Structure formats: structure tokens, C-alpha cells
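K.L.:
Would you mind keeping the following structure in view while I ask a few things?
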Amino acid sequence: MSDPGALSVVLDLDGTLVDSEPNYYEASRQTPAGYGVRGYTWADHESYVGISTLETAARWRERYGLSATARELLAGMNPRYLAPARTRTPVFPEMRTFVELLAAERVPTAVASGSSPEAIEAILEGTGLGTFLRTAVSAEEVRHGKPAPDILLEAARRLDADPADCVVLEDAAPGAAAAHAAGMRCIAIPYVAAQADAPGFATADLLLRGGQREFTAQSVYAWLRETADRAR
């Protein structure tokens with residue numbers, strides 16, 4: 001049974017906590033290029049925002065008719081991504097403040113990301129966020145990635161939290177849909193502004209259409225506490 005007033009937070013990583021998409025774009029552009037694919041654009045990359053890197057690789061295979069398996073493509077992309085991930089991944093400033101605030105208030109917090117375990121570790125260590133975020137789940141550790149709820153439910157399990165007590169922060173529609181499917185509340189912070197009206201965002205409890213420009217640590221934390229207090 002849900003504990004009235006209890007609160008746990010599950011954070012997406014890429015595009016939510018950190019602006020890793022430019023690094024992912026470059027690694028993504030280079031990987032299909034190794035198989036003769038040319039003209040991979042930022043608009044192409046945006047269409048994969050919010051799904052796991054393994055699912056992205058599977059879609060490349062189908063879209064471009066590649067002979068390599070999805071896991072082979074992912075194995076080729078990871079080294080291209082990990083080096084810049086460790087040293088050149090900026091944290092959104094208000095998100096760093098938010099994570100530090102959650103830690104100071106002892107709010108149980110986890111990361112649930114479509115990236116590989118190696119990529120998650122590289123970013124958390126390289127940015128220093130790992131000091132505060134000790135619990136992390138990769139889509140590669142569950143049966144289905146977002147928009148399925150598996151990764152969020154696993155994060156809640158590792159936090160020993162009731163899904164109904166969890167609030168998810170997400171930048172992409174598949175993640176917001178996953179939160180709804182998991183029975184969790186969701187704060188949506190679209191990375192791609194043009195996607196703010198995507199159906200997946202329709203179930204978000206709080207939609208910040210302005211993305212990171214609209215996000216402030218104090219106001220969102222106040223919303224979290226107010227929402228939790230109303231559940232008492």
C-alpha cells in the first residue's frame with residue numbers, strides 16, 4: 001500500500017539531467033556511416049530521442065537494411081560515445097541543483113536510462129552526479145525499454161518504493177508514457193520543443209513546455225512536496 005506523503009524520484013538521464021544528445025548524435029552519425037550510410041542528420045537523431053540505444057540500433061538496422069545485428073551496432077557506437085561522455089557532458093545547471101536538493105532532503109532517488117550501463121556510469125562519474133545518485137537502471141537490464149514501464153518499476157523496486165509514491169522526470173514522450181504505465185506521476189521537460197504536443201506527454205502531471213528554460217529546482221521541488229502532502 002502507498003504511504004501517504006512518501007516521495008521517491010526517478011530521473012531520466014539523457015536530455016533530462018544532462019545534455020548528452022550532441023555526443024550521442026555524433027556517435028550515432030559515425031556508426032551507420034561505417035556501413036555506408038550517409039546523410040544522417042540531427043532531425044534523424046531527434047526521432048530516436050527517448051528510446052533505448054539498443055532499440056535505436058534495431059531501428060537503424062531495419063531503416064537502412066544493415067547486415068549487422070542491433071547489438072553489433074551498439075557495440076560499435078559505445079566506444080565512439082563513451083570518451084566524450086566522460087569528459088564533455090554538461091549537466092543542466094538547475095538539474096544539478098535539483099539533485100543536490102533531493103540529496104540534502106534525503107529523498108530516495110534513482111536514474112532510469114535507455115543508455116547502456118557503461119554510458120550511465122561514465123556520465124555519472126564524469127559529471128560528479130554519481131556522488132548523489134547511487135541507484136541507476138539501464139534499459140539493457142530489463143525486458144522492455146520505454147514506453148514500457150519495466151525500467152521505472154525496476155527503479156522503484158531498487159529504491160524499495162511504491163510506484164504510486166514515485167515521481168518521474170522525463171524529457172521525451174516515451175518516458176512520460178512509461179511513467180503513466182507504471183502508475184507513477186510525471187514531470188515532463190521536453191528536450192525537443194516541437195514534441196511537446198506528442199501524445200505521450202498528454203498524461204504528464206506537470207508539463208514544462210519551455211523545457212529546461214522553464215525548469216527551476218526550487219519550484220519543481222515545491223511542486224513535489226505539495227503533491228506528496230496532498231496525498232496524506
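The values are calculated or read from the model by the stated rules, or taken from the named source; none is laboratory data. What you see is a predicted model, and the numbers here were worked out from it, not measured in a lab. All Cβ positions, even for glycine, are placed from backbone atoms using ideal geometry, and neighbour counts span all protein chains on display. Keep in mind that these areas ignore ligands, DNA and RNA; they rest on the heavy atoms of the full protein, side chains included. Shrake-Rupley method; radii C 1.70, N 1.55, O 1.52, S 1.80 Å.
K.L.:
For the Cα atoms of the chain, what angle does the longest principal axis make with the long axis of helix 53-64, in degrees from 0 to 90, nearest 10?
P.N.:
Tilt of helix 53-64: around 40 degrees.
K.L.:
A follow-up question, please. Quick query: amide H of A231 versus all other amide H atoms, modeled in the peptide plane; which residues come in under 5 Å with a sequence gap of 5 or more or a different chain?
P.N.:
Sorted by chain and number, the residues that satisfy this are G5.
K.L.:
Next up: With the dipole of the chain worked out from charges on the C-beta (+1 for Lys and Arg, -1 for Asp and Glu) around the Cα centre, which of A119, G130, T41 lies farthest toward the positive end?
P.N.:
It is T41.
K.L.:
By how many degrees, between 0 and 90 and to the nearest 10, does the Cα long axis of helix 173-182 differ from the longest principal axis of the chain?
P.N.:
With rounding to tens, the tilt is 50 degrees.
K.L.:
Please report the spacing between the Cα centers of region 145-208 and region 18-89 in Å, no decimals.
P.N.:
For region 145-208 versus region 18-89, the Cα centre distance is 23 Å.
K.L.:
Could you tell me which residue out of L152, Q195, N78 lies farthest along the dipole of the chain toward its positive end? Charges go on the beta carbon: Lys and Arg +1, Asp and Glu -1, centred on the Cα centre.
P.N.:
The listed residue farthest towards the positive side: N78.
K.L.:
On to the next question. Explain nothing, just the number: dipole magnitude of the chain about its Cα centre with +1 on each Lys and Arg Cβ and -1 on each Asp and Glu Cβ, in debye rounded to the nearest 20.
P.N.:
360 debye
K.L.:
Same structure again: Counting only GluC sites (Glu not before Pro) that sit in a DSSP loop (anything but H, G, I, E, B) with at most 16 other Cβ atoms within 10 Å, what is the longest stretch of the chain containing none of them?
P.N.:
Within the chain, the longest run free of exposed GluC sites (Glu not before Pro) spans 106-213.
K.L.:
Follow-up question, since we're still on this one. Under the Karplus relation 6.51 cos²θ - 1.76 cosθ + 1.60, θ = phi - 60°, what is the ordered set of whole-Hz ³J(HN,Hα) values for region 29-37, x standing for Gly and Pro?
P.N.:
5, 5, 5, x, 4, x, 10, x, 7
K.L.:
Calculate, for region 115-218, the solvent-accessible area per residue in square angstrom, rolling a 1.4 angstrom probe over the heavy atoms of the protein chains.
P.N.:
Result: 42 Å² per residue.
K.L.:
Shifting gears a bit: Using modelled backbone amide H atoms (1.01 Å from N, in-plane), which distant-in-sequence or interchain residues come within less than 5 Å of A110's amide H?
P.N.:
V9, V10, L11
K.L.:
Scan the chain and hand back the longest stretch that contains none of the chymotrypsin sites (Phe, Trp or Tyr not before Pro) lying in DSSP loops with at most 16 other Cβ atoms within 10 Å.
P.N.:
Counting only loop sites that pass the neighbour cut-off, the longest clear stretch is 133-232.
K.L.:
Convert each backbone phi in region 81-94 into a coupling constant with the Karplus relation 6.51 cos²θ - 1.76 cosθ + 1.60 (shift: θ = phi - 60°), then list the ³J(HN,Hα) values in order as whole Hz, x for Gly and Pro.
P.N.:
8, 5, 4, x, 4, 6, 10, 9, 10, x, 8, 4, x, 5
K.L.:
Another question about this same structure. Which ³J(HN,Hα) values in Hz, rounded to whole numbers, follow from the phi angles of region 186-198 under the Karplus curve 6.51 cos²θ - 1.76 cosθ + 1.60, where θ = phi - 60° and Gly and Pro get x?
P.N.:
9, 9, 9, 10, x, 6, 9, 4, 5, 9, 4, 9, 4
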